[in-house]
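Here is the structure we will look at.
The values are calculated or read from the model by the stated rules, or taken from the named source; none is laboratory data. Being a predicted model, the structure only gives us computed values, none of them experimental. All Cβ positions, even for glycine, are placed from backbone atoms using ideal geometry, and neighbour counts span all protein chains on display. Ligands, DNA and RNA are excluded from the accessible area calculation, which covers all protein heavy atoms including side chains. Shrake-Rupley method; radii C 1.70, N 1.55, O 1.52, S 1.80 Å.
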Amino acid sequence: MKTILVTGGAGFIGSHLCEKLLEQGNRVICLDNLFTGNKKNIEPFFADENFTFTPHDIIEPFFTNEKINQIYNLACPASPIHYQINAIRTIKANTIGVINMLGLAKSHGARILQASTSEVYGDPAEHPQKESYWGNVNPIGPRACYDEGKRVAETLFFDYYRKYNLEIRVARIFNTYGPKMAANDGRVVSNFITQALANKDITIYGDGSQTRSFCYVSDLVDGLIKLMNKKNFIGPVNLGNPLELTVKEIAEKIINLTGSKSRLVYKLLPEDDPKKRRPDITLAEKELNWQPEIKLEDGLKKTIEYFEIKA
Ligand code: NAD
Ligand code: UDP
């Protein structure tokens, strides 16, 4: 049994990760300030004696006498509207917060995994994106607090690795969806599903020709756990589903699956919104023997079911 700290564990991906780690027989400590996370996501684990929820902001140092073996660092708001509410706090989470978690890993001799992102590639000039691509990021735009924050977090991870030989892992996560996404966080899948279920207008930003590639959350969690436990492989490695769709296509799919009467309406495209995104997952296939298993339609059906029950 390992003792595993999951920062951001009350969030969308974090709560699925805590669940899987508990199922595998680990002791799990979830650290979260509940900024975008929700206690409801982790309530089912409160009865499990191997689970502890500790309210904490990673911008403050964290100390514990309990010996930590692994840390998954997910604490950071992930949707554009939430990470832009207080851009400076987003940068603090990705710099001061990351230094705090790296320091914790160093003092415990723990392995630490960073939830990095496809946003490190910015509005990519290379397609699909390989890990070797250095990206195309606007350093002063509204997305920079997140994109540049996540880039410097990767830098910090690699500097702790070079200086202290810390056992690091870096996952570059592409768009992920599934149950427990927050209905109000403005991301495309949750927005479109909640709009479709209410027969409200589906808000397409721009002309809907921009693309994304969507990975179901259970596939992503399997990839994170494989990366954490793989010997002698630190990444960075892309984790995502290479099936690429335009935003308009995803809207049409969701309308079909919900049988909705919603219309498509077109709104302003947010500044610096990437035009295309698709992971090259050759490295994950080779090093982790990982590839996504859940088909888009099946994953969307499960997500729609979740939002139907919530409504
Ligand atoms: P989320 O917003 O649901 O989860 C983030 C969690 O971190 C929330 O529970 C939030 O309360 C917590 N948090 C935020 N700032 C914190 C702080 N300073 N201290 C402690 N807790 C804090 O988002 P998510 O989609 O589950 O994303 C989890 C991680 O994965 C994030 O780091 C995100 O950048 C990364 N990621 C997600 C996606 C995606 O498509 N979902 C894609 C790329 C990367
Ligand atoms: N998007 C949209 N309508 C919405 C929400 C998002 O058209 O109601 C678009 C958004 O402009 C982007 C894509 O969907 O092109 C994915 O947005 P999301 O915020 O989910 O993720 P990210 O841009 O970070 O990949």
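Side notes on the structure shown:
- Within the range 94-104, considering residues that are touching a helix residue (DSSP H, G or I) at 6+ places or on another chain (Cβ under 7 Å) and buried (at least 19 other Cβ atoms within 10 Å of the Cβ), the one farthest from THR211 (Cα to Cα): LEU102
- Pairs, first closer than 19 Å to LEU239 by Cα and in a loop (DSSP other than H, G, I, E, B) in the range 127-140, second modelled with pLDDT of 95 or more and among the aromatic types (Phe, Trp, Tyr), C-beta under 7 Å, six or more apart: TYR133/TYR121; GLY135/TYR121
- Set ARG187, ARG162: member being open to solvent by 50 Å² or more (accessible area, probe 1.4 Å) and within 14 Å of ligand 1 (Cβ to nearest atom): ARG187
- Evaluated against (1) touching a residue at least 60 places away in the same chain (Cβ under 8 Å); (2) under 22 Å from ARG89 (Cβ atoms), LEU166 falls short on exactly one condition, (2).
- Every residue from the range 105-117 that is away from ligand 2 (no atom under 16 Å from the Cβ) and open to solvent by less than 10 Å² (accessible area, probe 1.4 Å): ALA105, ALA110, ILE112, LEU113, GLN114
- For TYR72, the stated conditions do not hold, so it cannot be described as within 16 Å of ligand 2 (Cβ to nearest atom) and buried (at least 23 other Cβ atoms within 10 Å of the Cβ).
- Residues located in the range 6-52, provided they are buried (at least 22 other Cβ atoms within 10 Å of the Cβ) and of a type in the set (Phe, Trp, Tyr): PHE12
- When the range 165-184 is limited to residues that are more than 14 Å from ligand 1 (Cβ to nearest atom) and open to solvent by less than 40 Å² (accessible area, probe 1.4 Å), the one that is farthest from VAL221 (Cα to Cα) turns out to be LEU166.
- Of all the listed residues (TYR133, TYR146, TYR121), the sole one being modelled with pLDDT of 95 or more, open to solvent by 10 Å² or more (accessible area, probe 1.4 Å) and within 12 Å of ligand 1 (Cβ to nearest atom) is TYR146.
- Within the range 190-217, considering residues that are of a type in the set (Gly, Ala, Ser) and part of a helix (DSSP H, G or I), the one surrounded by the fewest Cβ atoms within 10 Å (Cβ to Cβ): SER190
- Subset tally (residues that are closer than 26 Å to GLU19 by Cα and either open to solvent by less than 10 Å² (accessible area, probe 1.4 Å) or touching a helix residue (DSSP H, G or I) at 6+ places or on another chain (Cβ under 9 Å) (or both)) for the range 218-252: 21
- Exactly one residue among ASN184, ASN165, ASN100 is out of contact with any Gly (no Cβ under 8 Å at 6 or more places or on another chain), at pLDDT below 95 and either hydroxyl-bearing (Ser, Thr, Tyr) or over 22 Å from LYS276 (Cα atoms) (or both), and that residue is ASN184.
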